[in-house]
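Accompanying notes for the structure given below.
Every read-out reported here was derived from the displayed coordinates using simple, explicitly stated rules and does not represent laboratory data. This structure is a prediction, so every number in the text was calculated from the model and none was measured. Heads up, the Cβs are rebuilt from the backbone with ideal geometry, glycines too, and the neighbour counts pull from every protein chain shown.
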There are 2 protein chains.
Amino acid sequence: MDKIKIKRALISVSDKTGIEEFAQILTSMGCEIISTGGTKKVLEEAGVEVIDISKVTGNPEAFGGRMNTISFQIESALLYDREKDADEAEKLNIKPIDMVICNLYPFGRVKEDGADLDTLVENIDIGGPTMLRAGAKNYKYVTVITDPYDYQKVEDELAENDDSISLDTRFYLMRKVYNHTADYDALIASTMDETAGELTPRFSFNQAQELRYGENSHQSAFFLREKNAKDSLYDMEVLHGKELSFNNIVDMYGAIESVRDLNKNGVAVIKHTNPCGLCEGPDQRKAFELAWAGDNVSAFGSVIAFNSALGLETVKFLNLDAENKMERKFVEVIIAPDFSEEALQYLYQHKNLRVVKFDPARLQPAVDVKILFNTALWQTVDNKLLDKVEFVTEKSGEVSEDLARFGLIAVRQLKSNAIVVVRKIGDYNQLLGMGCGQPNRVNSTQLALKKCYDNLGAEFNGSDDEKQKYFDKEMGITVLVSDAFFPFADNIDFCNEYGIKTILQPGGSMRDKSVTKRCDELGIAMAFTTVRHFKH
Amino acid sequence: MDKIKIKRALISVSDKTGIEEFAQILTSMGCEIISTGGTKKVLEEAGVEVIDISKVTGNPEAFGGRMNTISFQIESALLYDREKDADEAEKLNIKPIDMVICNLYPFGRVKEDGADLDTLVENIDIGGPTMLRAGAKNYKYVTVITDPYDYQKVEDELAENDDSISLDTRFYLMRKVYNHTADYDALIASTMDETAGELTPRFSFNQAQELRYGENSHQSAFFLREKNAKDSLYDMEVLHGKELSFNNIVDMYGAIESVRDLNKNGVAVIKHTNPCGLCEGPDQRKAFELAWAGDNVSAFGSVIAFNSALGLETVKFLNLDAENKMERKFVEVIIAPDFSEEALQYLYQHKNLRVVKFDPARLQPAVDVKILFNTALWQTVDNKLLDKVEFVTEKSGEVSEDLARFGLIAVRQLKSNAIVVVRKIGDYNQLLGMGCGQPNRVNSTQLALKKCYDNLGAEFNGSDDEKQKYFDKEMGITVLVSDAFFPFADNIDFCNEYGIKTILQPGGSMRDKSVTKRCDELGIAMAFTTVRHFKH
């Protein structure tokens, strides 16, 4: 039985959006309508002829509305097999119901409104899920609508198909029902567990977008949206360019996280989730240049995020229209909260460049969840940068709060062990060098310091014998920030070798004393923040 | 009303485990029992007096069992407010039901058995969830049991509390019901979506273990088990030591992944999810020593996994009983599929050392899911090491299949960009040096090569003028493996500087030709595998 004519429908809705019009269309095609309580009243006021459900069930609406639809008569009319059970139904005087239109008490909404336990429980729908699930089980014969969004689809199909609904549509609507009742009970369960102080998180995803492949081409992959989330990275607007890859999306997340908490204009240059360039300052173009200079080799093929609307002057830095292809700066993705029309047109010159509109300020997760072989590691996000800046050495340096914040944002974003060197150039805060992802801190320290020298060498344009003096001057005004304590004083020796004068670290090692002592011997100022920023 | 006496119970169970005994206990305390269909038969055979449900509903069991419990009478008896609605109930001749014992048609089991769509749909329970949900909503008065595991708890409480159940227990059981119906409909929804070719994954977690904190001490955290998973990392046995931390668990996952696919005896030494030491070979103690030697600085404070039962000789390498504390090798966690009693006793000397029993072979995830701000990136796991080993240079080296596999397992596990240098020493495969987590490949190459020299320097004990010769000889027999293609030939120059003679990489760069040309110029053999192993 592919197509089924709709001759009798049961309507009982909590969300009454569009129900009058839809009921009128059903009536106009000769369909009988059974209804109950508030829905019946609304339909009658709209001039729709309605059979009271008690006429069908033989029962009153009872117990303050807790009982109105559940009955042998209604559920039989939804559940019986129209072929096998036809005789039995006739004997029992059960007439088939071909369509159920029902949505549930707004448990989620009253929860959001901060309802107490009694109100929450009163808003657990019992009759609705029963009708929906019964109709859906019998989808071979019954059309079940739970989402007002589907009225139009069903209306169109009725008009096209001589008042009938196809099996395909009935199966589609059946799937929606079980997804909906699953979500509904999931929210009830989590809420009640919460009340009892238990954490039983549930996640459900849909709106799947198949990706070309996963992290590597032999892995298949999907990008999915969390179902009931108000906002999601999935909702970004891809304005231009090649299809986003799995790794693009991972890096974009890192890029957006990196600039979210920066001042305007913040720019991050990301490779493998790590910022290798980061800057904030008054002029966007200049900030972009300084971010790029953080690692002008790795910046090629990177993912770049801005936290302010992107203008033409800034994107021209990419030289996309250079005749010599070698002068064009190739990047994978550019993300910004908005774009000027001219900036967009400029970026569109590059066919493959992915241009994505997403405001980093939207990214406000409360928790961070890792799924590892049928477990979850659930944690609140790392959103506390520091307790204080307390100098623990004889020399007490000067670290502007502003530069400390910037350095901590940078180091927090890097995979541990992480070290950054940041500096102030005029009104700009710049990441001058970083080291990350190393099994021991010395490696990261060395990587960061070497990168600083590379970058200073690139920006220096004097004579060779003035070079070291320039390095010393510039390194002397930087701050080196560590994501966790220094386990040994050897790190301090490397810092000294490269002319570092100020170090910020959380402290907390059992060898803190030997580390600060070494700083004192070398005339380095070191401050503790007490807040660690590990990221695996 | 805290305590409620159980005078009338409704029993309708698909899983009949323990139901006879439980019903007998109820009867013995004077409780009336209403039942239906197969359950009624089982109870009567066990000598339990049962009221047929049709006596209560006035309806027959109809439509091949699709309709037997759903009725105005039963659901009213479960749902009405015993205080507010008492008069109305009496007028309608509704007698309260104080307890529902019900579990659902085994949709999950028939799915596992490979049932077709019709059989699946027939196994969607409608009456069961209705009773359960109705009783649970009215938990202030009704006790609802859906898990046979809870019979004992309820029995004990009835015996202690004069045939009554407390509000606390009723609320606990109510939460179980909505968790159960949510899981039940979630499985139906995902299964039906799958049938339609749609991916709508759902995850639900419980058995929460609160951790001291998350990645850092200002983050709160939980370790959770996926609810219906057959196996899970959560099920590991922690035999000894301090409480596991969030970062321990993350690293343990990396450690277990690292050794899972190694030959016996495989050992991994992990820092921040990255293996800094890795070895496999005939003798476990020797393999451990060679793994440790991969980075004998970072190995301190690491997480270590073995893929074979751990013996005393092996763990003695840690020198936990050395009088000089500096000689003791401190590690955070040791994981193995099993332990000899002597090995355990030896490890227990260290009060804090976490000793965990988990067989790496159990870790067999099919998919890998990342949750990023209300999205999921879902992908199949990276479980294909290589297509082939095809030499693309004039010189075609010799790479044993065995060493290639080992090198690829090592590089696959490291955060990109990743480079490893592996060698064969007798029957052992050893990771000699690695570089990872860098924004460009040159950095990783340099880190790996430098580490090789450090390690060779540590193992060399001849005269200074023979040192370079030793380095050249040893580097000459290693294989350098890259997780992705070399974008530029500069990497090859560094390899040459350190005496590398054989390189394995996936290939696929638009500059492959210039890279192989450089190999030819330097007399290096390079093979392509075609399979990339990015890991972010």
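Structure notes:
- Residues whose amide H comes within less than 5 Å of that of residue A:70, counting only those at least five positions distant or on another chain, are absent (H built at 1.01 Å from N in the peptide plane).
- Averaging the Cα positions of each part gives two centres, and for the range A:472-518 and the range B:431-485 these lie 28 Å apart.
- Cα shape, the protein assembly as shown, gyration tensor, a/c 1.5 rule: prolate
- Averaged over peptide A:224-231, the number of partner chain Cβ atoms lying within 10 Å of each residue's Cβ comes to 4.
- Sites matching GluC sites (Glu not before Pro) across the range A:293-346 that sit in DSSP coil, with at most 10 neighbouring C-beta atoms within 10 Å: A:323
- FRET E, pair residue B:296, residue A:149, Förster distance 51 Å, beta-carbon r, rounded to 0.05: 0.25
- With a Förster radius of 45 Å applied to the C-beta separation of residue A:237 and residue B:52, the computed FRET efficiency comes to 0.15.
- Length-normalised contact order of the range A:10-132 in % [C-alpha pairs under 8 Å, at least 6 apart]: 27
- In order through the range B:430-441: 3J(HN,Hα) via Karplus (6.51 cos²θ - 1.76 cosθ + 1.60), integer Hz, x for Gly, Pro: 10, 7, 8, x, 9, x, 8, x, 9, x, 9, 5
- Across the range B:463-477, rounded Karplus estimates of 3J(HN,Hα) from the backbone phi angles (6.51 cos²θ - 1.76 cosθ + 1.60, θ = phi - 60°) give 7, 4, 6, 8, 4, 4, 4, 4, 4, 4, 4, 5, 5, x, 9 Hz, Gly and Pro being marked x.
- Spin-label pair residue A:323/residue B:351, simplified geometry with 7 Å Cα→Cβ offset, distance in nm: 7.7
- For the range A:235-362: rounded, prolate or oblate by the Cα gyration tensor [a/c cutoff 1.5]: rounded
- Placing dummy labels 7 Å off each Cα toward the beta-carbon, the span from residue B:517 to residue A:159 is 6.6 nm.
- Leading residue at positive end of dipole, chain B (Cβ point charges), from B:34, B:24, B:333: B:333
- For the range A:21-53 and the range A:74-112, distance of Cα centres in Å: 17
- Annotation for the range B:37-145: GluC sites (Glu not before Pro) lying in DSSP loop with at most 15 further Cβ atoms inside 10 Å of their Cβ are B:49, B:83.
- Where rotation carries A onto B, the chain A residue whose Cβ is nearest that axis, in whole Å: A:437, 1
- Calculated label separations, residue B:29, copies of the chain, 7 Å along the beta-carbon direction, nm: 5.5
- Efficiency of FRET between residue A:383 and residue A:229 - r from beta-carbon atoms, R0 22 angstrom, step 0.05: 0.70
- Per residue of peptide B:133-140, the mean number of Cβ atoms on other chains within 10 Å of the residue Cβ is 5.
- The overall shape of the range A:385-528 is rounded: from the C-alpha gyration tensor, with semi-axes ordered a ≥ b ≥ c, the ratio a/c is less than 1.5.
- Percentage relative contact order, chain B, counting C-alpha pairs under 8 Å, at least six apart: 9
- Relative contact order of the range A:414-525, taken over Cα pairs closer than 8 Å and 6 or more residues apart, is 24 percent.
- Approximating the spin labels as points 7 Å out from Cα along Cα→Cβ, the residue B:473-to-residue A:470 distance works out to 4.7 nm.
- Here the Karplus curve 6.51 cos²θ - 1.76 cosθ + 1.60, taken at θ = phi - 60°, turns the phi angles of the range A:483-496 into couplings of 6, 9, 5, 8, x, 9, 6, 4, 4, 5, 4, 5, 4, 4 Hz, with x standing for Gly and Pro.
- Remark: mean inter-chain Cβ contacts per residue of A:245-252 equal 3, using a 10 Å Cβ-Cβ cutoff to other protein chain atoms.
- Reported to the nearest whole Å, the Cα centre-to-centre distance from the range A:134-201 to the range B:276-323 is 56.
- Long-range lysine pairs (8 or more apart or interchain), the range B:29-162, Cα under 16 Å: 6
- In loop segments of the range B:49-147 as defined by DSSP, the trypsin sites (Lys or Arg not before Pro) with at most 13 further C-beta atoms inside 10 Å of their C-beta are B:84.
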